[in-house]
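Structure first, commentary second.
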Amino acid sequence: MGHATIDTDELGTLVQVLIADGYQVIGPTMTGSAIELAELTDAGQLPAGWGVETGPGHYRLHRREDDAMFAHSAGPQSWKTFLHPPRRKLWSSDTDGSFQGADEETPRYALLGVRGCDLAAIGKLRDVLGGGTYPDSSFQARHQALFIVAVNCTEPGEVCFCASMGTGPAAGPGADLTLTEMSDHFLVEAGTDAGRELLARIDHRDATTDETGAARSALEMAAHRMGRAMPEVDLRALLAGSRESSHWEDVAERCLTCGNCTMVCPTCFCTTTEDVTDLTGDHAERWQHWSSCFELDFSHVHGGSVRSSGESRYRQWLTHKLSTWYDQFGGSGCVGCGRCIAWCPVGIDLTEEISRLAESAHD
Amino acid sequence: MTEPMLPVGYRVIDRTVETHDSATIQLEPIDRSLDRFRPGQFAMMYAYGVGEVPISISGIGDDGTLTHTIRSVGAVSRALHDARPGTVIGVRGPFGTTWAPEGAAGNDLVVVAGGVGLAPLRPVVLSALAARSAYSRVVVIAGARTPDEFLFRAELDAWTARDDLDVELTVDQPAAGWDGTVGFVTEPLARLRLDPERTVAFLCGPEPMMRFSARVLLRAQMPSDRIHVSLERSMKCGIALCGHCQLGPLLVCRDGPVVTYTVAEPLLTVPEL
Ligand SMILES: Cc1cc2nc3c(=O)[nH]c(=O)nc-3n(C[C@H](O)[C@H](O)[C@H](O)COP(=O)(O)OP(=O)(O)OC[C@H]3O[C@@H](n4cnc5c(N)ncnc54)[C@H](O)[C@@H]3O)c2cc1C
Ligand code: SF4
Ligand code: SF4
Ligand code: FES
């Protein structure tokens, strides 16, 4: 099936149909200072007319001249907040040797406005948390229940480099519906049966060849307007060969080891656990929450932390994202969304660090 | 399928004091039992309200019980070490790779242990003894800081008395009442006459001890893929979900703890990896 066209207003119907089908619709909304992903009950909550200006250590909203709803590259949150929540109960026990799973009710999320980079990131999380011998059952259930409305990205930001990572600006496969936002309509493409059924329930018509052509050239232009590119080097080999590079010291002088990059990264999946008991000691619970390889405790074994220096922790982060992720999960751990650049308080830019590592590897 | 993050209740049925800080506990399932553990594999063991840590099996457990030897070094290991018969412990597993001693059949077997590193290797020796004729020579070299710090002391003495097993015990420093070898495990190891292409070595102990021992074996022309080591990293899940146990390309809980020295050498020689 080819592309369909829907009027801009019809997005409201899309949201209502998803809600009627029992989905909790999550999409971009405006908060005071950033675009936040939150539950939508009405398409009117979408940040129409808002854009963002990003740079290293920089993110600022601005009014646009048009009413575009999805023209604001990646914000501080990612969809992992919903698929792999920041904090979750694993089990409880009454100290008698029986353990009860958290028994959570699986939320049925419809994600509205997933860009190519983030669609790829959801795929990375699925490979890590759902693709091994022991899948995370909570993640798997949430993932299987998803309805995904992707958007092709025609407004990349200054810190974006998805084109060089092969994840955008066009959204790859895996979405139920994919939208391209044009000035007074959306182009829609259904990628699954569920997507086709949903499209049939909203007011649409076949797209004209002019419309599909305009959308295609908007995407091509977007790929060229992207603020950054990952250097074209063999990242996996470069980092595997840079374990003892002196450049890590250089980064460590700037890096605050705050872990912001890992929190905003849509693929960073690491967690730790927390054990709690009530005052009587008869009831115990175990909780899981996000953690980061920048925490000193992260690598703690008896006798101290394996990675106590800042340089070893930055090396772990960058090497995991771009190199050892291949060894562990068969692909890159970075999708080029640029969040870690924008939300780094001192503006460390991984594409820049890679250029410098590549240069020093040549010396 | 059972939920791998959900512990299964076991009850301590026996406890043996090994040294001033180590004890062996035996556990039996309360309702349901876990799959059988293989030598080298580990369990995630939960002490009520305190926490959960990885502990290798130190026994064979043909009867469905689990045997673990624990050195008390911090809050969780202390609680497990202190657990008296009757105590309920939450256990998950079996996780990780195995020493697979059966794969070494037909070869000489060299087991080198430092300190509590003997615990994960005990099942290797026990299974070799149970199928003794499958192997040529079986050598056990165990080191401890002091004579009082050997695990399984009575068993070590019984092994020493056997003529189908070469056992060498060594302590770091001379001590009153010790007339055995003094020095690190590398010394008796260096004295061994090895047939490098027909030997399989299993090393477990502190990282420097494994590195130095492996170096001795490499110098004796042993190929690095005939040397196996067991790695230790922080572990929160045991099943490749939490990211804590990374060592370069490895998720130690999934790709280890037992790996060949071919894999381990380039990783153990980089500080803070
Ligand atoms: C595969 C494997 C097999 C093992 N087998 C055995 C065995 O057979 N016998 C044995 O005795 N030991 C074994 N160990 C070692 C054992 O797991 C550790 O001794 C144990 O984890 C120590 O935990 P603890 O809480 O008692 O000590 P601590 O040193 O206090 O704590 C270690 C753990 O608790 C957490 N922790 C404690 N303090 C901090 C802090 N300040 N900040 C952050 N985190 C902290 C860390 O996550 C760390 O993993 C094994 C380890 C591995 C990886
Ligand atoms: S490493 Fe940075 S650019 Fe890459 S996916 Fe994570 S946040 Fe995005
Ligand atoms: S980069 Fe660090 S926090 Fe992110 S997934 Fe890797 S180890 Fe975990
Ligand atoms: S212990 Fe969690 S990933 Fe290995």
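Somewhere in region B:225-239, is a residue touching a residue at least 60 places away in the same chain (Cβ under 8 Å), hydrophobic (A, V, I, L, M, F, W, C), more than 11 Å from ligand 1 (Cβ to nearest atom) and touching a strand residue (DSSP E or B) at 6+ places or on another chain (Cβ under 8 Å)? Yes; the residues of region B:225-239 include at least one that is touching a residue at least 60 places away in the same chain (Cβ under 8 Å), hydrophobic (A, V, I, L, M, F, W, C), more than 11 Å from ligand 1 (Cβ to nearest atom) and touching a strand residue (DSSP E or B) at 6+ places or on another chain (Cβ under 8 Å).
Once region B:201-216 is narrowed to residues that are without any contact (Cβ under 8 Å) to a residue 40 or more places away in the chain and within 19 Å of the chain's Cα centre (by Cα), the residue that is surrounded by the fewest Cβ atoms within 10 Å (Cβ to Cβ) is B:208. Considering only region B:68-89, state which residues are assigned to a strand (DSSP E or B) and over 25 Å from residue A:303 (Cβ atoms). If the condition is that a residue be assigned to a strand (DSSP E or B) and over 25 Å from residue A:303 (Cβ atoms), then B:88 is the only one that fits. Applying a threshold of 6 Å to beta carbon distances and a minimum spacing of six or more residues, or different chains, the list of pairs starting in region A:255-274 at a residue that is in a strand (DSSP E or B) and ending at one that is among the charged types (D, E, K, R) reads A:272/B:236; A:273/A:286; A:273/B:236.
The set of residues in region B:194-251 being polar (S, T, N, Q) and away from chain A (no Cβ under 14 Å) consists of B:199, B:213, B:221, B:224. Residue count for region B:8-24 under the criterion of being closer than 13 Å to residue B:91 by Cβ and either of a type in the set (D, E, K, R) or touching a Gly at 6+ places or on another chain (Cβ under 6 Å) (or both): the result is 2.
Selection of first residues in region A:223-245 that are touching a residue at least 12 places away in the same chain (Cβ under 8 Å) and of second residues that are assigned to a helix (DSSP H, G or I) and open to solvent by 60 Å² or more (accessible area, probe 1.4 Å), restricted to Cβ pairs under 8 Å at least 6 apart or on distinct chains, gives the following pairs, ordered by first then second residue: A:236/A:326; A:238/A:361; A:241/A:361; A:242/A:361; A:245/A:361. Scanning region A:79-134 for residues that are within 16 Å of ligand 4 (Cβ to nearest atom), among the aliphatic types (A, V, I, L, M) and not in a helix (DSSP H, G or I) yields a single hit, A:90.
Of A:199, A:146, A:219, which residue is crowded, with 17+ Cβ neighbours inside 10 Å and under 18 Å from the mean Cα position of the chain (by Cα)?
Answer to the check: A:146.
Given the options A:156, A:169, A:173, name the one that is open to solvent by 50 Å² or more (accessible area, probe 1.4 Å), in contact (Cβ under 8 Å) with a residue 12 or more places away in the chain and more than 16 Å from ligand 3 (Cβ to nearest atom).
The match here is A:173.
When region A:277-307 is filtered for residues that are at the interface with chain B (Cβ under 7 Å from one of its Cβ atoms) and touching an Asp or Glu at 6+ places or on another chain (Cβ under 7 Å), the ones remaining, listed by number, are A:284, A:301, A:306, A:307. For region B:252-266, which residues satisfy the criterion of being over 28 Å from residue A:136 (Cα atoms) and within 11 Å of another protein chain (Cβ to nearest Cβ)? Of everything in region B:252-266, just one residue is over 28 Å from residue A:136 (Cα atoms) and within 11 Å of another protein chain (Cβ to nearest Cβ), namely B:266. Summed over region A:322-358, residues that are within 16 Å of ligand 4 (Cβ to nearest atom) and either closer than 17 Å to residue A:243 by Cα or in a helix (DSSP H, G or I) (or both) total 5.
Selection within region A:1-34: residues that are open to solvent by less than 10 Å² (accessible area, probe 1.4 Å) and assigned to a strand (DSSP E or B). The member of this set that is farthest from residue A:69 (Cα to Cα) is A:4.
The values are calculated or read from the model by the stated rules, or taken from the named source; none is laboratory data. None of these values were measured; they are calculated from a predicted model. As a convention, Cβ positions derive from the backbone with ideal geometry for all residues, glycine included, and neighbour counts pool all protein chains shown. Note: areas computed on protein heavy atoms with side chains; ligands, DNA, RNA excluded. Shrake-Rupley method; radii C 1.70, N 1.55, O 1.52, S 1.80 Å.
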